[in-house]
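Beneath this line is the structure, given in structure tokens, with notes to follow.
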Amino acid sequence: MNPIVSVSTKEDIFPQYQDTPIGLLLEYHNLNRPLDIYSNAQLLIGMCMDNRKHLRIPDNFSFIIRSAGANLRYSEFKVSYTIGVGHVRHIALMGHNNCGMVNLVARKEIFIQGLIDNAGWSRDQAEEHFMRFEPMFEIGNEIDFISSEAKRLRMRYPKIMIAPMLYKVEDSKIYLIKES
């Protein structure tokens with residue numbers, strides 16, 4: 001079963017997301033819905049910090065937290081703020097394919113050498129830094145991670161609708177993740 005669902009018509013949006021800010025996000029970005037005017041954020045978008053992603057959404061439509069791998073484990077206060085103070089009731093959790101947080105060990109030497117060359121760190125400092133933080137930021141598989149992160153956030157925030165999504169960098173479209 002392919003867990004990735006293309007959204008090329010409004011009917012492709014899962015029924016539970018239609019007529020919600022999550023559905024609107026998909027309509028704005030994928031379906032070129034005309035941009036409405038907002039004075040308050042309607043949802044939180046948690047997405048990767050990767051520079052290859054750009055969303056087509058109206059101004060003031062959403063809060064956005066960008067973190068490596070769309071990992072919100074270390075941004076929970078920010079998530080709570082958007083819910084408690086910003087009154088959002090919907091979260092779009094958006095990973096992307098070809099994420100740099102997958103198989104970090106394969107980039108260990110590049111990471112270390114980059115810190116030596118670009119930041120002036122010693123090899124020991126850079127190695128210790130990588131070894132200390134790599135386990136916290138390795139996400140494994142993009143789809144599996146986003147699905148598990150959505151489940152974790154639902155347990156933490158049971159009244160909030162959370163939609164796992166995948167942004168494909170090759171076509172700049174957002175796909176829904178069908179959960180089992």
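Apply the a/c threshold of 1.5 to the C-alpha gyration tensor of the stretch 45-92 and tell me whether it is rounded, prolate or oblate.
Oblate, since a/c reaches 1.5 and b/c is not below a/b.
Place the peptides 60-66, 170-176 in order of packing, highest mean first, counting for every residue the other Cβ atoms within 10 Å and averaging per peptide.
Highest to lowest by the protection proxy: 60-66, 170-176.
For the chain, what % of the accessible area comes from carbon and sulfur atoms, probe 1.4 Å?
53 percent
Tabulate in residue order the Karplus-calculated ³J(HN,Hα) for the stretch 86-99, using 6.51 cos²θ - 1.76 cosθ + 1.60 with θ = phi - 60°, rounded to whole Hz; enter x for Gly and Pro.
The phi angles translate into x, 6, 6, 10, 9, 10, 9, 9, 10, x, 8, 6, 6, 6 Hz.
Just grab the label-to-label distance for residue 64 and residue 113, each label 7 Å out from Cα along the Cβ direction, in nm (one decimal).
Here the modelled spin labels are 3.2 nm apart.
Between residue 121 and residue 54, what is the FRET efficiency for a Förster distance of 30 Å, r being their Cβ-Cβ separation, to the nearest 0.05?
Result of the calculation: an efficiency of 0.45.
Write down the accessible area per residue of the chain in Å², having rolled a 1.4 Å probe over the full set of protein chains.
Accessible area per residue, the chain: 54 Å².
Which FRET efficiency value, to the nearest 0.05, do you get for residue 129 and residue 75 by plugging their Cβ-Cβ distance into 1/(1 + (r/R0)^6) with R0 = 30 Å?
It comes out at approximately 0.90.
Could you give the spread of the C-alpha atoms of the stretch 1-70 along their three principal axes, from largest to smallest, in whole angstroms?
Result for the stretch 1-70: principal-axis Cα extents of 30, 29, 20 Å.
Once you put a point 7 Å from the Cα of residue 106 and another 7 Å from the Cα of residue 4, both along the Cβ direction, what distance in nm separates them?
Distance between label points: 1.5 nm.
Counting only DSSP beta bridges with both residues in the chain, tell me the antiparallel percent, nearest 5.
About 25 percent, rounded to the nearest 5.
Using just the helices of the chain, give the 222 nm mean residue ellipticity in deg cm²/dmol: DSSP H runs with n ≥ 4 each add -39,500 (n - 2.57), and the total is spread over all residues, rounded to 500.
For the chain, the value works out to -9500 deg cm²/dmol.
Here are labelled values, (1) 14.7; (2) 11.6; (3) 9.8, and one is the computed mean projected area of the Cα convex hull in nm² for what I pasted. Which one?
Here the calculated entry is (2).
Between residue 171 and residue 39, how high is the FRET efficiency from 1/(1 + (r/R0)^6) when r is the Cβ-Cβ distance and R₀ = 22 Å? Nearest 0.05.
Using R0 = 22 Å, I get an efficiency of 0.10.
Just to confirm the number: angle between the C-alpha axis of helix 21-31 and the first principal axis of the chain, 0 to 90 degrees, nearest 10?
The angle comes out near 80 degrees.
The values are calculated or read from the model by the stated rules, or taken from the named source; none is laboratory data. Keep in mind it's a predicted model, so treat the numbers as computed, not measured. Don't worry about glycine lacking a Cβ; one is built from the backbone with ideal geometry, like all the others, and counts go over all protein chains shown. The protein model used for the area step is the full one, side chains on, heavy atoms only, and it has no ligands, DNA or RNA in it. Shrake-Rupley method; radii C 1.70, N 1.55, O 1.52, S 1.80 Å.
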